[in-house]
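**Student:** Submitted below is the structure of interest, expressed as structure tokens.
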Amino acid sequence: MQTLNFEYAAQQPVTRRAHVGVVGSGDLEVLIEPSSKPTTHVRVRTSVDGYDQVWKQVLDRFFSRFQHAAQIEINDFGATPGTVTLRLEQAAEEVRSQ
Amino acid sequence: MLNMIQNDGWSKRRASKAARLARIAPWMKGSALETGAIVEALQALLEPGDAVALEGDNQKQADFLSRSLVEVDPAKIHDLHLLISSVSRPEHLTLFERGIARKIDLAFAGPQSVRLAQFVADGKLEIGAIHTYVELYARMFVDLMPDVSLVCAEQADRQGNLYTGPNTEDTPTIVEATAFHDGVVVVQVNEIVDELPRVDIPASWVDVIVPADKPYQVEPLFTRDPRLITDVQILTAMLVIRGIYERHGVTTLNHGIGFDTAAIELLLPTYGEKLGLRGKICRNWVLNPHPTLIPAIESGWVDSVVCFGSEVGMADYTRARPDVFFTGHDGSLRSNRVLAQLAGQYAIDLFIGSTLQMDVEGNSSTVTEGRLSGFGGAPNMGSDARGRRHASAAWLDMITNKSATARGRKLVVQVVETFHKGGEQSIVETLDAIAVGKKAQMPMAPVMIYGDDVTHLVTEEGIAYIYRAEGLEERKAAIAAVAGATEIGLRADAKRTGNLRARGIVATPEDLGVRRTEARRTLLAARSIDDLVAWSDGLYQPPAKFRSWENSHADTQL
């Protein structure tokens with residue numbers, strides 16, 4: 001079990017919550033909540049240790065496209081980077097669809 | 001037959017065959033041999049150094065004959081040259097351990113690939129070549145003629161005619177190569193009956209029929225449990241349907257056996273239907289009877305399916321759908337691997353499959369460190385047939401130049417998730433296969449599908465329309481653009497990717513109008529094996545290992 005924290009610069013805040021995915025084997029859940037700060041904070045809790053660099057790369061790529069201020073919580077149970085990106089994009093589609 | 005032998009120096013093979021048959025005559029009653037006499041008979045029939053075709057592909061195996069062959073006395077029978085399409089059973093390699101066999105020409109070694117690599121390293125076994133299926137069978141007619149072939153059938157009648165049933169597969173081809181060049185054909189049968197449902201192989205091609213101690217082994221290799229399909233695979237399936245099948249108007253095709261393609265099959269009646277594509281795409285298939293194709297067939301998507309082999313549990317279903325499947329006058333499925341491979345080469349517009357590794361130039365391989373697995377039929381399906389001369393809309397759509405002699409091209413699509421479970425990158429700088437090939441002293445690297453044959457790469461990041469890339473540098477850039485967070489993907493330059501998107505060489509899900517929020521398991525037409533049984537109206541009878549009431553019950557919560 002490992003907890004990782006990331007901080008990204010952001011512009012306008014998200015105005016609604018989103019929750020996608022489940023903490024099942026090979027999957028993860030992503031929770032997005034509005035934040036009062038002008039940045040996005042991501043807390044990753046993962047069952048698999050030692051993938052700090054891959055997490056950083058996956059999140060860096062996602063947050064180069066998603067620039068809304070938010071509080072994001074990721075609970076991971078061994079998902080592939082492909083699944084992580086898919087869940088993040090799904091959550092992003094949900095907060096945008098209003 | 002034997003009275004045609006003349007001592008004129010032109011009939012040595014025929015004379016050798018007569019001598020072999022004379023040696024086993026004491027055990028024979030007509031063309032029938034008793035089960036218990038097989039080891040002695042093989043010992044009398046075979047000669048050291050013989051080329052022996054031992055039938056075994058990735059589905060059915062002449063396992064009674066292989067288990068018997070391993071019991072012959074190596075002092076008498078040794079240095080055999082085995083021709084096996086799929087090295088699947090432990091005794092295939094025990095033959096080398098005992099010195100009964102020395103050399104092997106093969107096409108695939110799935111379950112025995114680690115042990116095979118070890119035997120090569122230890123010098124216990126010499127590999128002629130690792131072929132594709134059709135290559136190996138073609139060579140049986142050119143420079144690898146079997147002296148003896150050991151094959152299997154479901155039933156024989158008293159005259160020696162054979163019924164090979166739904167799993168006909170390779171048997172007629174191996175028997176033809178042997179029987180018509182004076183080799184000896186030995187067939188294990190599940191039973192001998194008075195009347196066959198139909199004759200798949202005539203008695204005059206067959207020399208020895210032996211009832212097996214138990215029915216031949218057959219593996220359900222093409223059954224994919226929908227329960228295991230992930231949302232990422234559903235996303236890539238949506239991309240394929242929109243960005244490739246719909247865009248190019250693909251009507252004739254072959255699917256690989258992975259979960260990526262199973263997901264596509266299960267999205268046709270849902271996502272495909274919503275897009276209004278029924279009747280416009282995916283009508284004529286070269287495919288084994290995949291259980292995951294049942295919902296599409298039942299929904300009226302599929303006009304025809306021609307099969308390489310059968311699939312365990314699909315006999316009653318295929319029998320009940322003769323407009324779709326090729327069936328005999330008895331009603332049961334007829335399959336033929338060589339003819340289906342030929343169809344897959346020349347008569348279809350698209351092949352799509354998965355791989356374990358793809359390099360930055362688009363070359364792909366399933367060979368990884370310590371395994372000598374081979375590729376079966378994938379290299380044939382996954383390549384352009386340059387001898388093709390008939391046109392179709394999808395094939396012509398691959399033309400990218402204005403030359404007066406421009407020709408179309410087969411669509412060869414690779415689906416790859418950028419990382420495997422466990423974090424390994426699937427898009428890499430250099431294939432593991434290159435080092436494996438060097439270590440095993442292979443004359444060339446074991447590449448499954450070459451980058452210059454691949455027309456499309458699909459990942460969860462989008463589609464690279466590789467056939468549109470101008471030159472190798474641009475092909476590499478297109479691959480990197482969909483390689484996600486892999487080292488190759490991180491090299492992609494955002495500006496260049498933008499340019500590739502603008503020119504239609506790369507497309508993201510957004511570019512194709514594919515919504516990621518739709519990529520959920522609820523989109524699958526069947527979410528469990530039980531759902532497939534229900535779609536088939538109870539005609540599909542899954543093998544025990546795929547029956548799981550608890551699992552499908554849990555799935556209803558998704």
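**Student:** When residues of the range B:277-317 are filtered for being touching a Ser or Thr at 6+ places or on another chain (Cβ under 6 Å), closer than 16 Å to B:GLY258 by Cα and outside any helix (DSSP H, G or I), how many remain?
**Tutor:** Within the range B:277-317, residues that are touching a Ser or Thr at 6+ places or on another chain (Cβ under 6 Å), closer than 16 Å to B:GLY258 by Cα and outside any helix (DSSP H, G or I) number 1.
**Student:** In the range B:193-203, how many are closer than 20 Å to B:GLN61 by Cβ and not in a loop (DSSP other than H, G, I, E, B)? Give the steps one after another, and end with the answer.
**Tutor:** Step one: of the range B:193-203, the residues closer than 20 Å to B:GLN61 by Cβ are B:200-201.
Okay, now just the ones that are also not in a loop (DSSP other than H, G, I, E, B), so B:201.
Residues that pass the stated criteria total 1.
**Student:** A further question follows. Only one of B:GLY387, B:GLY362, B:GLY408 is assigned by TED's automatic domain parsing to the domain that holds B:THR486, in contact with a helix residue (DSSP H, G or I) (Cβ under 9 Å, 6 or more places away or on another chain), on the phi > 0 side of the Ramachandran plot and at pLDDT 95 or above. Can you tell me which?
**Tutor:** Details: B:GLY387 fails: on the phi > 0 side of the Ramachandran plot; B:GLY408 fails: on the phi > 0 side of the Ramachandran plot.
Exactly one of B:GLY387, B:GLY362, B:GLY408 is assigned by TED's automatic domain parsing to the domain that holds B:THR486, in contact with a helix residue (DSSP H, G or I) (Cβ under 9 Å, 6 or more places away or on another chain), on the phi > 0 side of the Ramachandran plot and at pLDDT 95 or above, namely B:GLY362.
Yes/no matrix, rows are residues, columns are (1) of a type in the set (S, T, N, Q); (2) out of contact with any strand residue (DSSP E or B) (no Cβ under 8 Å at 6 or more places or on another chain); (3) within 14 Å of chain A (Cβ to nearest Cβ); (4) in contact (Cβ under 8 Å) with a residue 12 or more places away in the chain:
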| residue | (1), (2), (3), (4) |
| --- | --- |
| B:ILE463 | no, no, no, yes |
| B:ALA478 | no, no, no, yes |
| B:ALA481 | no, no, yes, yes |
| B:ILE488 | no, no, yes, yes |
| B:GLY498 | no, yes, yes, no |
| B:LEU532 | no, yes, no, yes |
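**Student:** Can I ask one more? Looking at the structure I just gave you, is A:VAL20 in a strand (DSSP E or B), within 9 Å of another protein chain (Cβ to nearest Cβ) and under 18 Å from B:ALA519 (Cβ atoms)? Talk me through it step by step, then tell me what you get.
**Tutor:** Values: in a strand (DSSP E or B): yes; within 9 Å of another protein chain (Cβ to nearest Cβ): yes; under 18 Å from B:ALA519 (Cβ atoms): yes.
It is true that A:VAL20 is in a strand (DSSP E or B), within 9 Å of another protein chain (Cβ to nearest Cβ) and under 18 Å from B:ALA519 (Cβ atoms).
**Student:** Taking the range B:503-530 as the search range and keeping residues that are in a loop (DSSP other than H, G, I, E, B), in contact with a strand residue (DSSP E or B) (Cβ under 8 Å, 6 or more places away or on another chain) and more than 9 Å from chain A (Cβ to nearest Cβ), which one is surrounded by the most Cβ atoms within 10 Å (Cβ to Cβ)?
**Tutor:** Keep residues of the range B:503-530 that are in a loop (DSSP other than H, G, I, E, B), which gives B:503-505, B:508-515, B:519-520, B:524-528.
Subsequent filtering for residues that are in contact with a strand residue (DSSP E or B) (Cβ under 8 Å, 6 or more places away or on another chain) retains B:505, B:508-509, B:511-512.
Then drop every residue that is not more than 9 Å from chain A (Cβ to nearest Cβ), which leaves B:505, B:508, B:511-512.
Working: B:ILE505: 22, B:THR508: 17, B:ASP511: 15, B:LEU512: 18.
My answer is B:ILE505.
**Student:** Would you check which residues across the range B:220-250 are outside any helix (DSSP H, G or I) and within 24 Å of B:ARG527 (Cβ to Cβ) and list them? Quick ask: steps written out before the conclusion?
**Tutor:** The initial filter retains those residues of the range B:220-250 that are outside any helix (DSSP H, G or I), namely B:220-225, B:229-230, B:249-250.
Passing the criteria: B:PRO220, B:LEU221, B:PHE222, B:THR223, B:ARG224, B:ASP225, B:ILE229, B:THR230.
**Student:** Something else: Test of understanding: among B:GLY123, B:GLY110, B:GLY99, B:GLY128, which residue is assigned to a strand (DSSP E or B), surrounded by fewer than 23 Cβ atoms within 10 Å (Cβ to Cβ) and not β-branched (Val, Ile, Thr)?
**Tutor:** Details: B:GLY123 fails: assigned to a strand (DSSP E or B); B:GLY110 fails: assigned to a strand (DSSP E or B); B:GLY99 fails: assigned to a strand (DSSP E or B).
Only one candidate qualifies: B:GLY128.
**Student:** Another question, if that's okay. Across the range B:110-166, what is the number of residues that are polar (S, T, N, Q) and within 24 Å of B:ARG20 (Cα to Cα)? Even if it seems obvious, please write down each step before you answer.
**Tutor:** Within the range B:110-166, the first condition is being polar (S, T, N, Q), and the residues that meet it are B:112-113, B:118, B:132, B:149, B:155, B:159, B:161, B:164.
Filter once more, keeping what is within 24 Å of B:ARG20 (Cα to Cα): B:149, B:159, B:161.
Going through the range B:110-166 one residue at a time, the tally reaches 3.
**Student:** So, one more: Using beta carbons and a limit of 7 Å, which pairs, at least six apart or on different chains, have the first residue in the range A:48-59 and more than 7 Å from every other protein chain (Cβ to nearest Cβ) and the second one charged (D, E, K, R) and not in a helix (DSSP H, G or I)?
**Tutor:** Nothing qualifies.
**Student:** Pull up the range A:81-98, narrow it to residues that are more than 12 Å from the chain's Cα centre (by Cα), more than 7 Å from every other protein chain (Cβ to nearest Cβ) and in contact (Cβ under 8 Å) with a residue 12 or more places away in the chain, then point me to the one that is farthest from A:LEU59 (Cα to Cα). Steps first, please.
**Tutor:** Step one: list which residues in the range A:81-98 are more than 12 Å from the chain's Cα centre (by Cα), which gives A:82, A:93-98.
Pick out the ones that are also more than 7 Å from every other protein chain (Cβ to nearest Cβ) and you get A:95-98.
Restricting the remaining residues to those that are in contact (Cβ under 8 Å) with a residue 12 or more places away in the chain gives A:95, A:98.
Numbers: A:VAL95: 17, A:GLN98: 24 Å.
Per the stated criteria, the residue is A:GLN98.
**Student:** I would also like to ask the following. Please enumerate the residues belonging to the range B:291-342 that are touching a Leu at 6+ places or on another chain (Cβ under 8 Å), hydroxyl-bearing (Ser, Thr, Tyr) and without any contact (Cβ under 8 Å) to a residue 60 or more places away in the chain.
**Tutor:** Selection gives B:THR327 alone.
The values are calculated or read from the model by the stated rules, or taken from the named source; none is laboratory data. Predicted model only: the values in this text are computed from it and were never measured. So basically every Cβ, Gly included, is an ideal-geometry build from the backbone, and we count neighbours across all protein chains shown.
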